[in-house]
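Okay, so here's the structure we're looking at.
The values are calculated or read from the model by the stated rules, or taken from the named source; none is laboratory data. Bear in mind that the values here come from a model prediction, so they are computed numbers and not experimental data. With ideal geometry, Cβ positions are generated from the backbone for all residues, glycine too; neighbour counts draw on all protein chains shown. Accessible surface areas use protein heavy atoms only, side chains included; no ligands, DNA or RNA. Shrake-Rupley method; radii C 1.70, N 1.55, O 1.52, S 1.80 Å.
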Amino acid sequence: MNPSLSAIVVMGVAGCGKSCVGDAIARRSGGRLIEGDAFHPAENIQKMSAGIPLNDDDRAGWLIRLGQALQDTLAAGERPILTCSALKRRYRETLREAVPNLRFVFLELTPEEAEKRVLARPGHFMPASLIDSQFATLEAPHGEPLTLALDATQSIERLADAVDNWLKPHGERSLARTA
C-alpha cells in the first residue's frame, strides 16, 4: 500500500454531483473511480426505483462491499475515489473501519437544487421523490476529521481544485498527475 495515496469518498445526497466530481478527481490523480451505486444489490435498486427509501439494513452489506473495494484498490497501489452517499455518520464509520484515515469530500446543496438535478438526469434509478428522505437521513459530516465540505453548485473544475488544495497542506501527493 502506498502511504502517499489517500482513499477519498465523494459523498452527499442524490444529485449533488458525486459521480462527476469523483471522475474529475480520479482523472487528475490517476486514481480509480469506484461508483458506489454499482455495488447495490438488485433488491436495493428495485426499492429505490419504486420510490422506497433504503434503511440501515439495506445499506449494511453495501457499505461492507464498498469498504472491501477501497481496501482492494489501495492494496493494488491505486488511489481509490469512491462515490457514495454516506448519509449517516455510522455509514462513514463503517467505511473508516475498512480504511483508516479515509477522507470525505461532502458536496452540499439545497433540497431544491438536488431535486432539480435529479429530475434532469435521464435513466437513473433514483427518483426525485426520494430527495426528501435523503435529506431526512443526512447527518452532515461537519466537524468530522479528514472531511472537506464544498458547495456543490460550483463548477466541477473548481471542486476538483478545492480537493487538490485540501490535500497539499497534508503533505499528500497532488491530484495532478506526475510523469
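Go through region 48-68 and give me each residue that's open to solvent by less than 10 Å² (accessible area, probe 1.4 Å) and over 18 Å from V13 (Cα atoms).
Of everything in region 48-68, just one residue is open to solvent by less than 10 Å² (accessible area, probe 1.4 Å) and over 18 Å from V13 (Cα atoms), namely G67.
Looking only at region 100-119, filter to residues that are open to solvent by less than 10 Å² (accessible area, probe 1.4 Å) and modelled with pLDDT of 95 or more; which one of those is farthest from T147 (Cα to Cα)?
The residue in question is L107.
Being touching a Ser or Thr at 6+ places or on another chain (Cβ under 8 Å) and in contact (Cβ under 8 Å) with a residue 60 or more places away in the chain is the filter here, so list the residues in region 63-101 that pass it.
Listed by number, the residues that qualify are R79, P80, I81, T83, L87, N101.
State which residue pairs qualify: first residue within 18 Å of M11 (Cβ to Cβ) and inside region 152-179, second residue of a type in the set (D, E) and at pLDDT 95 or above in any location, beta carbons under 7 Å apart, and separation of 6 or more residues or different chains.
That search, which allows pairs on different chains as well, returns A152/E108.
(1) of a type in the set (D, E, K, R); (2) touching a Pro at 6+ places or on another chain (Cβ under 8 Å); (3) at pLDDT below 95: which one isn't true of R89, the others all being true?
(3)
Which of the residues belonging to region 71-87 are farther than 20 Å from A160 by Cβ and either in contact with an Asp or Glu (Cβ under 6 Å, 6 or more places away or on another chain) or surrounded by 16 or more Cβ atoms within 10 Å (Cβ to Cβ) (or both)? Talk me through it step by step, then tell me what you get.
Filtering region 71-87 for residues farther than 20 Å from A160 by Cβ gives 71-72, 74-77, 87.
Within region 71-87, L74, L87 meet the criteria.
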